[in-house]
Amino acid sequence: MDKIIVHGGRPLSGSVKISGSKNSALPILAATLLTREPCIIHSVPDLSDIHYMLQILSHLGAHVERASGTVTIQAEKVATVAPYEIVRKMRASVCVLGPLLGRHKEARVSLPGGCVIGDRPIDLHLKGFRALNAACRVESGDVRVFADELRGAVVNLEGRQGPTVLGTGNVLMAATLAEGVTVIDGAAAEPEVVDLADFLTKMGAKIEGAGTRQITVEGVKELHGAEHSVIPDRIEAGTFLVAAALAGTEVTLRRVNSGHLGAVTNALNDAGFRTDIVRDSITVFGNGAPNPLHLVTEPYPGFPTDMQAQMCALLSRASGKSSVTETVFPQRFMHVSELKRMGADIHLDGATARICGVPRLSGAPVMASDLRASAALVLAGLVADGTTEVNRVYHIDRGYESIDDKLMGLGAEIQRVKHRATA
Ligand code: EPZ
């Protein structure tokens, strides 16, 4: 398995271009199954999760072509069963359920298991499909959804942990081809849901309220091909903002939507870092040890759970005591024990990390456990004394396009050691 080696203490400066959003691109690629006509999607990041999604679409019978960041997909005829071998690698595979159900009134996909960030149920997705008149069964480890006809309905998708992002997208996609009007209450308002709704609208769907907690969809008979550019990745951008705050002098992020990053830039400002926004770029200025913060993750527009681990890395070096409470995935703290191995002083108290800032971190061999935890370890390595070896970096490749090259472009001393299979 590849590893990333970070030699700490090199200041970051310069500019970096942010890639298209993984979490927008995944459901948008799945949405191309809703039409037999070709769709062209730009700014698709080159990531392993995207490759898995394209493999699933190909397996289902779609013709997929990829040239640089542009993907052209034509799903003239599609099968309705997604294979376990690919689906098991990525939980977001469940977002083919909605479009297949919408178009063919039937879909079968392996039921996703839990993952390191906690139990990941899909009960709310199924609640939405049932409301649209579909039956849902679990058979031999697969979830099967089917209907004679999909009928619009009013459904509330708010769960105990708040709204569901992929669940909202899934039900939204199915509802575009349902008979009549669907109202999704308790909908997720994340920018990725808005991006999906924008793409569906270009395909001919009739959607109102995306970006609010109530989305209304008037079903249409069919959708057509469309061309779309995926929004910039707000979590990749947030990760580079934190990297710059930790180790930068002056770093500019290009191709960002600063409107999507308010919670992160506000937190950085509270921590004592200046951020300047000019059109589609943000510059962050290093300022020594951060002020301590008390953060709580929340659905958008609150502080994103996908930035929690990176913020723990930053606050490990704060000048005082911080707390970070996770409300979306209360068990998502796999990075804490690894940060402690680097000298961080963090105590887990239920779903709250209590962090006592330390003046120095020290490099260590650490283990990446999930995507954002891995990013947090690389960030900590940027300011740690000595060398940090982040193992199992396939996690990071799921969600960060060339993170090592991009950090190197900013002056970090970082290298990827390729694993060579032995005979
Ligand atoms: C999306 O996952 C993102 N993934 C996650 O990003 C992100 O952490 C999450 O939204 C929250 O923002 C993609 O977009 C591919 P949820 P999703 O359904 O949609 C509970 C990353 O690092 N829930 O919004 O699967 C759930 O357990 C990833 O890029 C139910 O109870 O998350 C959680 O507590 C990881 N029943 C909460 O809702 C359901 O049916 C929010 O989950 C569905 C979810």
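The values are calculated or read from the model by the stated rules, or taken from the named source; none is laboratory data. Since we're looking at a predicted model, the values are computed, not measured. Please note: Cβ atoms are built from the backbone with ideal geometry, for glycine as well, and neighbour counts cover all protein chains shown. Heavy atoms of the whole protein, side chains included, go into the accessibility calculation; ligands, DNA and RNA do not. Shrake-Rupley method; radii C 1.70, N 1.55, O 1.52, S 1.80 Å.
Quick notes on this one:
- Considering Ala247, Ala187, Ala243, the condition of being outside the structural domain of Gly288 (by TED's automatic domain parsing), in contact (Cβ under 8 Å) with a residue 24 or more places away in the chain and touching a helix residue (DSSP H, G or I) at 6+ places or on another chain (Cβ under 6 Å) is satisfied by Ala187 alone.
- Residues that are assigned to a loop (DSSP other than H, G, I, E, B), modelled with pLDDT of 95 or more and within 22 Å of Leu407 (Cα to Cα), drawn from the range 272-291: Phe273, Asp280, Pro290
- Restricting attention to the range 372-413, the residues that are surrounded by fewer than 22 Cβ atoms within 10 Å (Cβ to Cβ) and among the aromatic types (Phe, Trp, Tyr) add up to 1.
- Scanning the range 150-161 for residues that are more than 6 Å from the ligand (Cβ to nearest atom) and either β-branched (Val, Ile, Thr) or part of a strand (DSSP E or B) (or both) turns up Arg151, Val154, Val155, Asn156.
- Of the residues making up the range 273-331, those that are polar (S, T, N, Q), touching a residue at least 60 places away in the same chain (Cβ under 8 Å) and under 25 Å from Gly9 (Cα atoms) are Gln308, Gln310, Ser316.
- Just one residue in the set Val256, Val165, Val242 is closer than 22 Å to Ile41 by Cα, at pLDDT 95 or above and within 16 Å of the ligand (Cβ to nearest atom); that residue is Val165.
- Sole residue being without any contact (Cβ under 8 Å) to a residue 12 or more places away in the chain and either over 20 Å from Ala263 (Cα atoms) or in the same structural domain as Ala373 (by TED's automatic domain parsing) (or both), chosen from Thr201, Thr216, Thr182: Thr201
- First in the range 1-21 and more than 17 Å from Thr252 (Cα to Cα) and of a type in the set (Asp, Glu), second anywhere and assigned to a strand (DSSP E or B) and open to solvent by 10 Å² or more (accessible area, probe 1.4 Å), Cβ under 8 Å, 6 or more apart: Asp2/Arg416; Asp2/Val417
- Total residues in the range 209-225 satisfying the condition of being closer than 27 Å to Tyr300 by Cα and either part of a loop (DSSP other than H, G, I, E, B) or under 25 Å from the mean Cα position of the chain (by Cα) (or both): the figure is 10.
- Taking the range 136-149 as the range and being open to solvent by 40 Å² or more (accessible area, probe 1.4 Å) and either more than 16 Å from the ligand (Cβ to nearest atom) or among the charged types (D, E, K, R) (or both) as the test, the residues that pass are Arg137, Glu139, Ser140, Gly141, Arg144, Phe146, Asp148, Glu149.
- Note on the range 253-264: residues that are more than 18 Å from the chain's Cα centre (by Cα) and open to solvent by less than 30 Å² (accessible area, probe 1.4 Å) total 1.
- When residues in the range 292-325 are screened for being crowded, with 17+ Cβ neighbours inside 10 Å and not in a strand (DSSP E or B), 19 of them pass.
- Candidates in the range 332-349 are the residues that are in contact (Cβ under 8 Å) with a residue 12 or more places away in the chain and in a strand (DSSP E or B); of these, the one that is nearest to the ligand (Cβ to nearest atom) is Leu348.
- Condition met for Arg360 (surrounded by fewer than 20 Cβ atoms within 10 Å (Cβ to Cβ), assigned to a loop (DSSP other than H, G, I, E, B), out of contact with any His (no Cβ under 9 Å at 6 or more places or on another chain) and basic (Lys, Arg)): yes
- Complete set of residues in the range 1-52 that are over 30 Å from Ser362 (Cβ atoms), modelled with pLDDT under 95 and either buried (at least 20 other Cβ atoms within 10 Å of the Cβ) or among the acidic types (Asp, Glu) (or both): Asp49
- Condition met for Ala197 (within 13 Å of the ligand (Cβ to nearest atom), open to solvent by less than 20 Å² (accessible area, probe 1.4 Å), at pLDDT 95 or above and more than 29 Å from Tyr84 (Cβ to Cβ)): no
- Selected residue (criterion: farthest from the ligand (Cβ to nearest atom)) from residues of the range 112-124 that are at pLDDT 65 or above and under 18 Å from the mean Cα position of the chain (by Cα): Pro112
- Inside the range 378-399, residues that are touching an Asp or Glu at 6+ places or on another chain (Cβ under 6 Å) and either part of a loop (DSSP other than H, G, I, E, B) or over 25 Å from Arg255 (Cα atoms) (or both) make up a count of 2.
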